[in-house]
Amino acid sequence: MAQIKPFAATFHLQEMVQTIEKIGGPSFRVTTDRGKVFEVKVIVVAAGGGSFQPKRPPIPGIEAYESKSVHYSVRQMDIFRDRRILIVGGGDSALDWTLNLAPVAAHVTLLHRRSEFRAAPASVNKMMALVGEGRIDFVLGQVSALQGKDGQIAKAIVKRNDGSNFEIACDALLPFFGLTMKLGPVADWNLKMQDEEYIVVDPATFESSVPGIFAIGDINWYPGKLKLILCGFHEAALMAQKAHRYVFPDKRLVFQYTTSSTSLQKKLGVA
Ligand SMILES: Cc1cc2nc3c(=O)[nH]c(=O)nc-3n(C[C@H](O)[C@H](O)[C@H](O)COP(=O)(O)OP(=O)(O)OC[C@H]3O[C@@H](n4cnc5c(N)ncnc54)[C@H](O)[C@@H]3O)c2cc1C
C-alpha cells in the first residue's frame, strides 16, 4: 500500500466483480455484486484462484429462491426487518447473525443438525440465553425442502434427526455452510479458458481472447506459466505497455528506470 500511495489509486474493497459487458471497442461496463457500475477502457483480471463462494446446502430447487428470499450473506440488516427468518448452521456466521438479527426480525429460528457448535462459546451462550428468554427458537434438524412462489419462500420442511418432518413458516432463509474457493463469475465472462480454470493470454501482452481484457497472476495461462509473485509482477509490467495504448492512444509511453529517472524518484518520494 505504501508503494502504491504516490500513484493515488482508488480501491473498492469487499465486493466482487459480477458481470462484464462490452460497450465499445474496447470499452466495458463492469458491475459488482454491490451494484456499483464502472465504465472502463481496459480491464485487468487479477483474480488468482477465484473468489470465496458460499457453499450451497443440498436442498432441491434452492436456486429458485436465491437472492430473493435465500441469502448467503447479510449486506443490509434492514431487509430482514419484521421478517420471519430461518438461519441454518452452527458456525460463527450462523450464530453472529442470529444474535444480530434477533432484535430486528419479527422472529428468528436457528436450525442446526446437532447440539454442538463450531462457533465461539460466548456466542453460543448468548444465543441460548435468548432461547431461554423466549426471544428466539433453536431447533435441531436439517432443511429437506422449501415451499413458496416466485422466489419467495413461505415455509421450510425440516427433517428431525429421528426422521420425522415438521414445517417452519418463514420469509427468509439464511444458510451459513461455510465458503469454498471457486472461479466464480470469471467463468461467465466469455474469455477463452484453459482447463476451465485459467484465462488464456498472449505472453507478450497478457491480453486475453477479448481485446482490452488482460489477465495477470495466478488466474492466467500461457505455455510455461509459473504461479509465482515474481511472474505476476513481470506480467503486470508487460500488460501495462499494451493497456497504456488503449487508455492513452495519443500519449507516448516513456520507458524509465527508477535508478536513473529523477521524475520517478520524485514521485516515489526517494529523490
Ligand atoms: C502455500 C503457498 C505458498 C506460496 N509461496 C510463494 C512464495 O514463497 N513465493 C512466491 O513467489 N509465490 C508463492 N506462492 C504463490 C503466490 O501466492 C501467488 O502466485 C500469488 O499470490 C498470486 O497472486 P494473484 O494476485 O494472482 O492472486 P491472489 O493473491 O489469489 O488474489 C486474487 C484476488 O482476487 C479476488 N477475486 C477473485 N475473483 C474476484 C472477482 N470476481 N471480483 C473481485 N475480486 C475477485 C480474490 O478474492 C483475491 O483477493 C505461494 C502460494 C501458496 C498457495
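The values are calculated or read from the model by the stated rules, or taken from the named source; none is laboratory data. Just so we're clear, the structure is a prediction, and the values are computed from it rather than from any experiment. Cβ placement follows ideal geometry from the backbone for every residue including glycine, while neighbour counts extend to all protein chains displayed.
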Checklist entry - Which residues, taken from the range 198-212, are in contact with a strand residue (DSSP E or B) (Cβ under 8 Å, 6 or more places away or on another chain) and of a type outside the set (Val, Ile, Thr)? => result TYR198, PHE206, GLU207, SER208, SER209, GLY212
Checklist entry - For the range 45-57, does any single residue satisfy the condition of being more than 17 Å from the chain's Cα centre (by Cα) and away from the ligand (no atom under 16 Å from the Cβ)? => result yes
Checklist entry - Taking the range 1-20 as the search range and keeping residues that are within 11 Å of the ligand (Cβ to nearest atom) and without any contact (Cβ under 8 Å) to a residue 60 or more places away in the chain, which one is farthest from LYS182 (Cα to Cα)? => result HIS12
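Residues checked against (1) assigned by TED's automatic domain parsing to the domain that holds PHE255; (2) of a type outside the set (D, E, K, R); (3) exposed (fewer than 14 other Cβ atoms within 10 Å of the Cβ):
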residue	(1), (2), (3)
ILE153	no, yes, no
TYR222	yes, yes, no
LEU228	yes, yes, yes
GLN241	yes, yes, yes
Checklist entry - Restricted to the range 194-221, and to residues that are out of contact with any helix residue (DSSP H, G or I) (no Cβ under 9 Å at 6 or more places or on another chain) and of a type in the set (A, V, I, L, M), which residue is nearest to the ligand (Cβ to nearest atom)? => result ILE213
Item to check | strands (runs of 3 or more DSSP E) wholly inside the range 170-271 containing at least 1 residues that are modelled with pLDDT under 95, hydroxyl-bearing (Ser, Thr, Tyr) and closer than 30 Å to ARG118 by Cα | outcome: 179-182
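Residues checked against (1) part of a loop (DSSP other than H, G, I, E, B); (2) within 16 Å of the ligand (Cβ to nearest atom); (3) within 19 Å of the chain's Cα centre (by Cα):
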residue: GLU39; (1), (2), (3): no, no, no
residue: PRO60; (1), (2), (3): yes, no, no
residue: LYS68; (1), (2), (3): yes, no, yes
residue: ARG75; (1), (2), (3): yes, yes, yes
residue: ASP78; (1), (2), (3): no, no, no
residue: LEU99; (1), (2), (3): no, no, no
Checklist entry - For the range 80-93, what are the residues that are in a helix (DSSP H, G or I) and farther than 12 Å from LEU173 by Cβ? => result ASP92, SER93
Checklist outcome for this item: Taking first residues from the range 144-163 that are on the phi > 0 side of the Ramachandran plot and second residues anywhere that are at pLDDT below 95, the pairs with Cβ under 7 Å that are 6 or more apart or on different chains are GLY151/LYS68
Next on the checklist: Can you go through PHE255, PHE233 and tell me which one is in the same structural domain as ALA46 (by TED's automatic domain parsing), surrounded by fewer than 16 Cβ atoms within 10 Å (Cβ to Cβ) and more than 30 Å from the chain's Cα centre (by Cα)?
Outcome noted: PHE255
